[in-house]
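Here is the structure we will look at, set down as C-alpha cells.
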Amino acid sequence: EEGHYFERQDFTGRALAAQRKMYRNGGATFTVGNTYIPVPVGVTVGGSTTVNSGTCYRAPDRILREWVDDLGLDELSPEAMAPYYDRVEAVLGVAPARAEFLGGCARVIARGCDALGFTRHHPLRRNAPDCDGKGTCCFGCPTDAKRSTNVSYVPMALKAGAELFHGCKVERIVIENGRATGVVARAKGSGAR
C-alpha cells in the first residue's frame with residue numbers, strides 16, 4: 001500500500017490535516033469535463049473506504065441483467081451476485097443509516113420525495129453499524145464504527161497470515177511467464193505488518 005496504516009487514534013476529525021495525510025494529492029483530485037467534481041481518493045491502508053461516508057450500494061438489478069443479456073455475463077446475474085453481496089454486507093454490517101443521524105438534508109429530500117409521490121425512498125445503506133454520529137467519516141472514523149477495509153478485511157487478512165507493506169509505492173510489477181510474480185516498490189516511510 002502506498003499510504004500508511006492509520007488507526008482510530010490518528011482520526012482526529014481535523015479536515016485539512018487528514019486530507020494532507022490520507023487523500024491523494026491532498027484531496028485535490030478532480031474529474032475533467034464541463035465542470036470539476038472532486039473525487040476523494042484515499043491513500044491509506046483501506047484506501048478510499050477509510051475516507052468516505054460508508055455508503056454501500058449494490059449494482060442495480062437492471063444493470064446486472066443488461067450485462068447478462070447484452071454481454072453474456074451469466075455469472076454476474078442478480079441471483080448469482082446476491083450471495084456475494086450478502087456475505088460482504090454481513091462482514092461490513094451494512095444497514096440503513098439510523099434516523100437519529102440523518103441531517104437536515106435527508107429530511108428535506110424525504111419531504112421532496114413524498115411531495116413528488118415517490119413512495120420508494122429510504123436512508124442510504126452504510127457500513128457503520130456502530131455509528132455514534134461523530135460526523136467525521138470522510139476523515140477516518142475515530143471509533144472504528146465504520147467498517148472500512150482498514151478495520152474489516154485487512155485485519156482478517158493479517159490474522160489469516162497475509163503480510164502488509166505500507167508506505168511503499170509500487171514502481172513496477174514483475175511478470176514471469178505471463179504471470180505477476182512480484183513487485184518492485186520504493187519505501188516512502190516505515191511500515192510492515
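The values are calculated or read from the model by the stated rules, or taken from the named source; none is laboratory data. The structure presented is a predicted model; accordingly, all values stated were derived computationally and were not measured. All Cβ positions, glycine included, derive from the backbone under ideal geometry; neighbour counts span all protein chains shown. For the accessible areas, the whole protein counts, side chains as well, though only heavy atoms, and no ligand, DNA or RNA atoms are used. Shrake-Rupley method; radii C 1.70, N 1.55, O 1.52, S 1.80 Å.
Out of curiosity, is Gly161 open to solvent by 50 Å² or more (accessible area, probe 1.4 Å), modelled with pLDDT under 90, among the small types (Gly, Ala, Ser) and closer than 23 Å to Gly46 by Cα? It is false that Gly161 is open to solvent by 50 Å² or more (accessible area, probe 1.4 Å), modelled with pLDDT under 90, among the small types (Gly, Ala, Ser) and closer than 23 Å to Gly46 by Cα. Which of the residues belonging to the range 126-140 are surrounded by 15 or more Cβ atoms within 10 Å (Cβ to Cβ), more than 20 Å from Val43 (Cα to Cα) and either in contact with a helix residue (DSSP H, G or I) (Cβ under 8 Å, 6 or more places away or on another chain) or free of Cβ contacts under 8 Å to residues at least 12 places away in the same chain (or both)? Listed by number, the residues that qualify are Ala128, Cys131.
To keep it simple, each residue is scored yes or no on (1) part of a strand (DSSP E or B); (2) in contact (Cβ under 8 Å) with a residue 12 or more places away in the chain.
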position	(1), (2)
Lys146	no, yes
Pro155	no, no
Glu171	yes, yes
Val184	yes, yes
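Here's the yes/no breakdown for (1) open to solvent by 70 Å² or more (accessible area, probe 1.4 Å); (2) without any contact (Cβ under 8 Å) to a residue 12 or more places away in the chain; (3) out of contact with any Cys (no Cβ under 9 Å at 6 or more places or on another chain); (4) within 19 Å of Val41 (Cβ to Cβ):
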position: His121; (1), (2), (3), (4): no, no, no, no
position: Pro142; (1), (2), (3), (4): no, no, yes, no
position: Ser152; (1), (2), (3), (4): no, no, yes, no
position: Asn177; (1), (2), (3), (4): yes, yes, yes, no
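Within the range 2-36, the set of residues being under 18 Å from the mean Cα position of the chain (by Cα), open to solvent by 80 Å² or more (accessible area, probe 1.4 Å) and among the charged types (D, E, K, R) comprises Arg8, Lys21, Arg24.
So which residues in the range 86-100 are over 26 Å from Ala59 (Cβ atoms) and open to solvent by less than 80 Å² (accessible area, probe 1.4 Å)? Ala99, the sole residue that qualifies.
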